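Accompanying notes for the structure given below.
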Amino acid sequence: MAEVITRDGLVELTNPYVGTRYGLAVVTTTLALACDDPLAPGGMADRMRSHGPAWWVGKGTLKSALNKDPYQSRDFRMGPQPFEKLKRRDTPTTFIDHERVPRFPKRADFFARVLFGDMGKNVQDAGKNAAYVMKSPIGACARRALGALLLLQFGESRGPVSATVSDPQRNADNLKAAAYYLGCDAAGLCAVPEWAWYSHDAGGAPLPAYHANAINLLLDQGHETMDGCSGDDWISVAQSMRAYLRFSMIGGIIAEQVRRLGYSARVHSVIDGDVLQPPLLLLSGLGEVSRIGEVILNPYLGPRLKSGTVTTDMPMSYDKPIDFGLQTFCENCNKCARECPSGAITAGPKVMYNGYEIWKSDAEKCARYRITNQGGGMCGRCMKTCPWNLEGLFADSSFRWLAMNVPQSARMLAELDDRLDHGTMNPVKKWWWDIELNQKTGQYVRAALTNARGLNKNLRLKHEDQTLAVYPADKMPPPYPVVFPINREEGIARYKSLLTPAQYRARIKAGDTENLVPQFRMPAGPPPVFPVVLKRREEMTADIARYDFVAADGSALPPFEAGAHIDVVIAPEYLRQYSLAGDPADRNKYVLAVLREPEGRGGSMLMHRAFREGKRVFVSPPRNHFPLVPGAGHSLLLAGGIGVTAMITMAHTLARNGQSFDFHYSAASRKTAGFIHEIEAAAWADRVHFHFKDEGRRVDLRHVIPEFKSEMHLYTCGSARYMDGAFEAARFRNWPEEALHREFFSVPEKPEYVNLPFAIKLAKSGIVLHVPADRRATDVLADNGIFIDTKCSDGICGVCATPYEAGDVEHRDFVLSAREREKRIVICCSRARSAGGVITLAL
């Protein structure tokens with residue numbers, strides 16, 4: 001990497017390309033590596049090979065003799081590219097109706113919608129734990145570092161305002177110089193319009209527009225790697241995360257310095273941000289709207305960029321928007337739309353969406369492909385294939401000059417781009433392995449499938465052949481951490497109804513502005529979830545934790561009945577149902593107990609790891625699918641392990657009402673059983689019988705379950721095996737089905753079902769909907785605007801139980817009784833028993 005030279009009597013270590021302008025960082029490891037040889041003394045031939053014509057123009061290299069030090073004759077504040085030569089204007093090249101642009105919640109971001117299940121369970125599962133990032137080893141490592149850098153994102157001023165920051169222009173120059181010195185590729189400053197702020201934060205609270213100014217930075221994802229990839233293979237997500245990581249470091253440093261000068265500052269990164277970045281990039285002169293849609297294209301970086309923003313109230317001079325002819329260019333080129341693997345990019349004209357002019361892409365289709373891509377990590381194929389994805393060679397300057405000064409040449413340039421095979425995969429530039437994460441073993445293995453795409457040069461994509469959908473502000477989800485299904489049929493209709501910019505301006509001119517831009521409105525009625533605070537946590541056993549939640553505002557909690565449960569938002573992708581375990585008469589707290597299940601679906605493990613006293617959590621009002629039957633002559637409560645939670649609420653209620661009951665609690669041992677001390681101290685403790693396996697007192701269900709008598713009811717909760725045994729023993733004692741009640745607390749082992757395609761007929765309209773073998777009925781119904789409330793999607797909660805009138809149903813739930821199954825179907829998991837079967841729903 002370096003050689004020893006003697007200069008002016010001093011011995012120096014110098015690199016052939018950067019001289020002595022370097023810092024050294026070392027990573028040590030036990031991984032076996034082949035070592036590089038030291039540099040050897042070279043002659044003229046060696047010099048010509050390493051520093052000859054290829055180095056002069058940058059052929060095959062990121063840097064060249066021409067740009068090895070872009071600041072050799074430029075101030076840092078000016079940046080590495082000749083941004084000062086760009087045409088500036090007072091307004092962007094695309095129309096923004098500032099007066100009517102709506103604000104909407106962060107919850108409307110499509111990656112948030114994926115996690116909350118708005119796009120269906122299959123997509124949600126693909127998005128859990130950021131699997132679309134973690135499946136790439138470099139992406140996974142970068143994401144971990146991004147999480148650590150969250151600490152740099154927030155902060156108030158460190159003291160009084162410094163006397164050195166009174167001049168807005170000087171501040172602007174210094175901010176840009178610092179950003180470029182730290183390594184950003186483009187910087188722009190602008191005011192932050194109120195509409196550029198989300199309306200509600202991630203917690204659902206209204207979000208004020210708390211800063212006036214924005215420092216916007218662009219980071220190049222790098223042509224050198226993008227040239228060797230398909231744009232949607234296994235390196236794609238790593239390119240994105242590398243750029244995001246660079247911004248988080250640079251933005252964090254700049255924000256901290258702003259705070260030290262007396263102003264608060266907030267970093268808005270890919271991990272967490274409160275502003276919409278594309279319009280800020282547009283307003284600060286960092287690019288123009290491109291056909292790709294929400295991607296702002298920069299004349300020197302093209303579309304292969306990632307961005308970040310730092311907001312503050314520090315005074316600064318603003319940059320003006322730029323005009324380099326991109327609107328005309330993109331009107332005459334649709335290569336990105338042609339090459340988009342998800343078909344999300346429009347081949348048609350610009351439209352007005354949420355008050356601004358844009359080539360509107362289908363964000364749902366884009367997000368769905370990026371999350372579920374089986375042959376790579378995420379996708380940036382639009383960036384890869386865009387004619388503006390230039391290497392930076394001297395030869396590329398002629399293309400850039402023509403594109404910027406004669407934008408009408410776009411069609412010719414795009415065709416030339418194809419003829420030169422720009423956008424294909426350059427094998428010389430591929431340096432990575434195509435590997436992916438094995439979710440079961442946690443190891444990275446050879447990828448089963450890798451996207452390797454050429455160009456679709458013969459494809460003539462027509463806008464009229466595309467099916468695109470949009471979800472304007474009035475159709476965006478409210479800021480609640482619960483599922484809000486996407487209605488794609490309505491989204492398709494809304495896309496077709498979008499106005500052209502000319503039509504939009506005509507309506508303004510005519511004064512016809514009512515509902516011109518539909519606004520986001522909070523839904524009427526109480527919210528589906530509300531905040532609580534974890535007041536107390538107790539480790540009752542090695543694997544069972546007790547959680548006491550109180551209302552965030554200190555008020556009484558909504559009432560609940562014996563057998564009720566609440567939904568707990570553990571994380572966006574982890575909504576779990578837990579039975580309440582306290583006394584229904586006590587409205588000061590909700591008591592839960594959660595068993596750590598290492599082989600479960602992840603919710604319990606995350607709750608055990610992350611839920612600490614003082615944590616603010618969202619829960620639903622109590623719901624009850626396991627109620628006590630009023631007026632029962634005698635109730636038999638049978639609890640197995642963690643299933644004791646619901647039984648405790650029943651015992652409290654039965655005892656308070658003076659009703660007869662017996663309570664049998666089975667567990668492996670006292671050490672593994674929760675609530676032992678609380679139960680032994682209860683007023684109804686004399687009705688409780690403990691059965692601990694390690695003490696030789698394993699329950700004999702046929703013995704403890706008496707012969708059935710009128711008005712008796714049996715309630716059981718525990719493992720599937722335990723409850724099956726209880727029902728079998730009860731039937732042996734002549735208990736009828738209507739007297740037997742149970743609730744599952746986890747998904748039992750399912751039979752080896754085979755999914756077959758079938759159809760759903762809607763009784764009221766006669767419409768027939770076809771359900772493919774790889775989809776759920778609830779997803780197909782949602783696609784057609786019919787939303788069935790769902791929770792578990794595994795057939796254990798019963799929320800989606802729907803009346804049906806006809807059909808041979810293969811019931812796969814664990815909720816309905818045999819009698820209930822005659823009229824109701826748990827539609828999230830159950831299907832027709834045979835291929836092509838028809839189930840008629842009473843809808």
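The values are calculated or read from the model by the stated rules, or taken from the named source; none is laboratory data. Please read these numbers as outputs of a predicted model, since none were measured by experiment. Cβ atoms come from the backbone with ideal geometry, glycine included; neighbour counts cover every protein chain shown. Side chains included, ligands, DNA and RNA excluded: accessible areas come from the protein's heavy atoms. Shrake-Rupley method; radii C 1.70, N 1.55, O 1.52, S 1.80 Å.
Of note:
- Close contacts from the range 715-728, counting a first residue that is closer than 16 Å to residue 703 by Cα and a second that is open to solvent by less than 10 Å² (accessible area, probe 1.4 Å) and part of a helix (DSSP H, G or I), with Cβ to Cβ under 6 Å and a gap of 6+ residues or different chains, come to 716/723; 716/726.
- Tally, over the range 561-575, of residues that are open to solvent by 20 Å² or more (accessible area, probe 1.4 Å) and closer than 19 Å to residue 647 by Cα: 1
- Hits in the range 530-552 - residues which are acidic (Asp, Glu) and either open to solvent by less than 10 Å² (accessible area, probe 1.4 Å) or closer than 14 Å to residue 568 by Cβ (or both): 548
- Residue within the range 273-295 that is surrounded by fewer than 24 Cβ atoms within 10 Å (Cβ to Cβ) and modelled with pLDDT under 95 present: yes
- Among the conditions (1) under 30 Å from residue 475 (Cα atoms); (2) basic (Lys, Arg); (3) surrounded by fewer than 16 Cβ atoms within 10 Å (Cβ to Cβ), the only one that residue 819 does not satisfy is (1).
- Number of residues in the range 150-196 that are in a helix (DSSP H, G or I), open to solvent by less than 80 Å² (accessible area, probe 1.4 Å) and either of a type in the set (D, E, K, R) or free of Cβ contacts under 8 Å to residues at least 12 places away in the same chain (or both): the value is 2.
- Figure legend. Inter-residue proximity from the range 411-434: first residues touching a residue at least 40 places away in the same chain (Cβ under 8 Å), second residues in a loop (DSSP other than H, G, I, E, B) and among the basic types (Lys, Arg), beta-carbon distance below 8 Å, spacing 6+ or different chains. Indicated pairs: 418/457; 425/453.
- Conditions (1) of a type outside the set (Lys, Arg); (2) within 20 Å of residue 63 (Cα to Cα); (3) open to solvent by 70 Å² or more (accessible area, probe 1.4 Å): number failed by residue 18: (3)
- When residue 391 is tested against (1) open to solvent by 30 Å² or more (accessible area, probe 1.4 Å); (2) touching a Pro at 6+ places or on another chain (Cβ under 8 Å); (3) modelled with pLDDT under 95, exactly one condition is not met: (2).
- Residue match in the range 113-128 (condition: in contact with a Lys or Arg (Cβ under 7 Å, 6 or more places away or on another chain), open to solvent by 40 Å² or more (accessible area, probe 1.4 Å) and in contact (Cβ under 8 Å) with a residue 24 or more places away in the chain): no
- Taken across the range 800-813, residues that are open to solvent by less than 50 Å² (accessible area, probe 1.4 Å), over 26 Å from the mean Cα position of the chain (by Cα) and among the β-branched types (Val, Ile, Thr) do occur, with at least one present.
- Flag for residue 202 being under 30 Å from residue 129 (Cα atoms), in contact with a Pro (Cβ under 9 Å, 6 or more places away or on another chain) and surrounded by 19 or more Cβ atoms within 10 Å (Cβ to Cβ): no
- Filtered residues of the range 808-826 (kept if among the hydrophobic types (A, V, I, L, M, F, W, C), touching a Lys or Arg at 6+ places or on another chain (Cβ under 8 Å) and touching a residue at least 24 places away in the same chain (Cβ under 8 Å)): 809, 826
- Taking the range 316-363 as the range and being assigned to a helix (DSSP H, G or I), touching a helix residue (DSSP H, G or I) at 6+ places or on another chain (Cβ under 7 Å) and open to solvent by 10 Å² or more (accessible area, probe 1.4 Å) as the test, the residues that pass are 328, 336, 363.
- All conditions but one from (1) modelled with pLDDT under 95; (2) at positive phi apply to residue 604; the one that does not is (2).
- Neighbours by Cβ (under 8 Å, 6+ apart or cross-chain): first from the range 34-55, over 23 Å from residue 66 (Cα atoms); second open to solvent by 80 Å² or more (accessible area, probe 1.4 Å) and not in a helix (DSSP H, G or I): 36/1; 39/1
- Test: residue in the range 608-627 that is farther than 28 Å from residue 670 by Cβ, open to solvent by less than 20 Å² (accessible area, probe 1.4 Å) and part of a loop (DSSP other than H, G, I, E, B): yes
- Of residues in the range 274-309 being among the hydroxyl-bearing types (Ser, Thr, Tyr) and part of a strand (DSSP E or B), the one nearest to residue 101 (Cα to Cα): 309
- Members of the range 37-90 that are more than 19 Å from residue 18 (Cα to Cα), surrounded by 13 or more Cβ atoms within 10 Å (Cβ to Cβ), of a type outside the set (D, E, K, R) and out of contact with any strand residue (DSSP E or B) (no Cβ under 8 Å at 6 or more places or on another chain): 78
- Flag for residue 240 being farther than 26 Å from residue 363 by Cα, among the polar types (S, T, N, Q) and either open to solvent by 10 Å² or more (accessible area, probe 1.4 Å) or not in a loop (DSSP other than H, G, I, E, B) (or both): no
- Summed over the range 263-289, residues that are more than 19 Å from residue 88 (Cβ to Cβ) and of a type in the set (Gly, Ala, Ser) total 4.
- Each residue in the range 663-681 was checked for being open to solvent by 20 Å² or more (accessible area, probe 1.4 Å), within 20 Å of residue 583 (Cβ to Cβ) and either in a loop (DSSP other than H, G, I, E, B) or touching a residue at least 40 places away in the same chain (Cβ under 8 Å) (or both), and 1 of them qualify.
- Residue match in the range 99-107 (condition: touching a residue at least 40 places away in the same chain (Cβ under 8 Å), buried (at least 18 other Cβ atoms within 10 Å of the Cβ) and not in a loop (DSSP other than H, G, I, E, B)): yes
- Residues (open to solvent by less than 80 Å² (accessible area, probe 1.4 Å), at pLDDT 90 or above and not in a helix (DSSP H, G or I)) located in the range 406-429: 421, 422, 423, 424, 425, 426
- Of 722, 715, all but one fail to be open to solvent by 20 Å² or more (accessible area, probe 1.4 Å) and of a type in the set (Ser, Thr, Tyr); the exception is 722.
- Criterion (of a type outside the set (Ser, Thr, Tyr), over 21 Å from residue 807 (Cα atoms), exposed (fewer than 15 other Cβ atoms within 10 Å of the Cβ) and at pLDDT 95 or above) met by exactly one of 729, 685: 685
- Yes/no for residue 213 being surrounded by 22 or more Cβ atoms within 10 Å (Cβ to Cβ) and out of contact with any helix residue (DSSP H, G or I) (no Cβ under 8 Å at 6 or more places or on another chain): yes
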